[in-house]
Amino acid sequence: AKEPMRVLVTGAAGQIGYALVPMIARGVMLGADQPLILHMLDIPQAAEALNGVKMELVDAAFPLLKGIVATTDVVEACTGVNVAVMVGGFPRKDGMERKDVMSKNVSIYKSQASALEAHAAPNCKVLVVANPANTNALILKEFAPSIPEKNITCLTRLDHNRALGQIAERLNVQVTDVKNAIIWGNHSSTQYPDVNHATVKTPSGEKPVRELVANDEWLNTEFISTVQQRGAAIIKARKQSSALSAASSACDHIRDWLLGTPEGTFVSMGVYSDGSYGVPVGLIYSFPVTCSGGEWTIVQGLPIDEFSRKKMDATAQELSEEKTLAYSCLN
Ligand code: NAI
């Protein structure tokens with residue numbers, strides 16, 4: 001039998017946490033044959049709710065779940081973890097300045113970076129979900145210099161899945177037949193959902209999405225804004241932000257990272273830029289990647305047209321500004 005892996009979920013008493021921990025315990029993230037020990041961290045004000053989540057995990061009698069650590073102590077939470085899913089953060093509240101929210105999150109991610117660096121298992125893989133996700137991941141990377149930068153990522157898989165979902169709905173096909181959409185850049189409304197390389201499996205072979213969606217105008221306008229604004233649309237409808245889709249996409253992100261992407265398929269991940277596609281080095285930016293042997297690789301050589309270039313640069317620009325703001329909060 002396999003040794004259990006330790007998976008940390010921060011902010012585990014929150015909405016995404018409540019959707020995510022049962023998925024992990026069911027084997028959705030690591031595979032149905034991988035036992036695990038769940039580490040759940042939240043802040044003292046949420047300790048009682050966190051304990052309630054722990055009680056429900058016990059009650060659900062998950063066969064793969066070999067242990068639960070529910071704590072408000074960041075060191076205990078980080079000790080020995082192989083995978084860290086960082087969902088905890090400070091939300092923007094009415095009347096708050098961007099800088100104030102950034103400042104709170106920078107200080108959270110700075111201290112959690114140190115705890116992970118000192119106490120996580122070697123080669124721990126980190127996924128930052130909490131917003132501003134790219135910049136929180138960048139701060140985590142900067143303050144955990146001994147964690148390889150390849151191991152620090154942020155979630156844009158939800159946006160990626162949203163793009164696949166919109167194409168599937170539009171063409172009235174199964175979402176599993178659509179692949180290779182790309183989310184470039186920031187997990188924010190400046191992200192660029194790009195379908196120029198996306199394909200659909202049809203009875204007569206794989207076809208480019210651009211060929212099947214006869215209406216280019218829709219792809220260049222409404223499709224993009226629908227994906228960019230989907231988070232806001234969910235809040236409007238549900239009066240709460242997306243949680244089940246975020247949780248499911250976080251499982252997709254880690255599963256593909258650890259277990260690999262299928263041949264010929266790429267997915268979107270926020271990773272540390274190496275300068276590919278002219279994206280400035282030093283940003284955590286969402287790229288198309290393939291995964292194998294527990295490592296992601298940016299897909300190279302995709303042709304980029306002028307329309308795409310502008311949008312990729314605009315979201316990079318926003319990330320540079322976020323980075324400057326984050327650094328100004330450190331001083
Ligand atoms: P929530 O407010 O329900 O839960 C957040 C939890 O984090 C709370 O239980 C809170 O007590 C906890 N927390 C706060 N500071 C903490 C700290 N220092 N250490 C540990 N826990 C801490 O929020 P929800 O809906 O679960 O969302 C979580 C985050 O995920 C938000 O930042 C949200 O904007 C982001 N998000 C990101 C998405 C993505 O695709 N990247 C998609 C959806 C949400």
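The values are calculated or read from the model by the stated rules, or taken from the named source; none is laboratory data. Just so it is clear, the structure is predicted and the values come from calculations on it, not from any experiment. No Cβ is skipped: glycine too gets one built from the backbone with ideal geometry, and neighbour counts run over all protein chains shown.
Hey, can you tell me all the residues within the range 43-69 that are touching a helix residue (DSSP H, G or I) at 6+ places or on another chain (Cβ under 7 Å) and within 12 Å of the ligand (Cβ to nearest atom)? Reasoning before the result, please.
Step one: of the range 43-69, the residues touching a helix residue (DSSP H, G or I) at 6+ places or on another chain (Cβ under 7 Å) are 53, 57, 60, 62, 64-65, 68-69.
V53, the sole residue that qualifies.
Considering the range 162-183 alone, what residues qualify as being surrounded by 16 or more Cβ atoms within 10 Å (Cβ to Cβ), more than 19 Å from the chain's Cα centre (by Cα) and outside any helix (DSSP H, G or I)?
V178
Within the range 236-312, considering only strands (runs of 3 or more DSSP E) that don't extend past its boundaries, which have at least 1 residues that are more than 22 Å from P132 (Cα to Cα)? First the steps, then the outcome.
Values: elements: 267-272, 284-292, 295-298.
Correct list: 284-292, 295-298.
If a residue has to be more than 10 Å from the ligand (Cβ to nearest atom), part of a loop (DSSP other than H, G, I, E, B) and crowded, with 24+ Cβ neighbours inside 10 Å to count, how many in the range 121-142 make the cut?
Of the residues in that region, 0 qualify.
Can you pull out every residue in the range 277-324 that is in contact with a helix residue (DSSP H, G or I) (Cβ under 9 Å, 6 or more places away or on another chain) and acidic (D, E)?
The answer is E295, D313, E322.
Within the range 291-310, identify whether any single residue is in contact with a Phe, Trp or Tyr (Cβ under 6 Å, 6 or more places away or on another chain) and not hydrophobic (A, V, I, L, M, F, W, C), and answer yes or no.
Within the range 291-310 (the criterion being in contact with a Phe, Trp or Tyr (Cβ under 6 Å, 6 or more places away or on another chain) and not hydrophobic (A, V, I, L, M, F, W, C)), the answer is no, since none of the residues qualifies.
Can you list the helices (runs of 4 or more DSSP H) found entirely within the range 5-100 that contain at least 2 residues being small (G, A, S)? Even if it seems obvious, please write down each step before you answer.
On the way: elements: 15-26, 47-59, 74-78.
Result: 15-26, 47-59.
Using the structure shown, decide if N186 is modelled with pLDDT of 95 or more, crowded, with 18+ Cβ neighbours inside 10 Å and not aromatic (F, W, Y). Talk me through it step by step, then tell me what you get.
Numbers: modelled with pLDDT of 95 or more: yes; crowded, with 18+ Cβ neighbours inside 10 Å: yes; not aromatic (F, W, Y): yes.
So N186 fits the description; yes.
Before we move on, is S111 over 23 Å from H253 (Cα atoms), in contact (Cβ under 8 Å) with a residue 60 or more places away in the chain and of a type in the set (S, T, N, Q)?
Values: over 23 Å from H253 (Cα atoms): yes; in contact (Cβ under 8 Å) with a residue 60 or more places away in the chain: no; of a type in the set (S, T, N, Q): yes.
Against the criterion (over 23 Å from H253 (Cα atoms), in contact (Cβ under 8 Å) with a residue 60 or more places away in the chain and of a type in the set (S, T, N, Q)), S111 does not qualify.
Would you confirm, using the coordinates I've provided, whether D33 is at pLDDT 95 or above and closer than 19 Å to V126 by Cα?
Details: at pLDDT 95 or above: yes; closer than 19 Å to V126 by Cα: no.
Taking the combined requirement at face value, the residue does not satisfy it.
Can you work out which of the residues in the range 193-235 that are in contact (Cβ under 8 Å) with a residue 60 or more places away in the chain and not in a helix (DSSP H, G or I) is nearest to the ligand (Cβ to nearest atom)?
Here the answer is D194.
Just checking, does the range 6-23 include any residue being under 23 Å from the mean Cα position of the chain (by Cα) and of a type in the set (K, R)?
Initial filter on the range 6-23 (under 23 Å from the mean Cα position of the chain (by Cα)): 6-23.
Right, trim to of a type in the set (K, R) and you get 6.
Checked against the condition, which is being under 23 Å from the mean Cα position of the chain (by Cα) and of a type in the set (K, R), the range 6-23 yields at least one hit.
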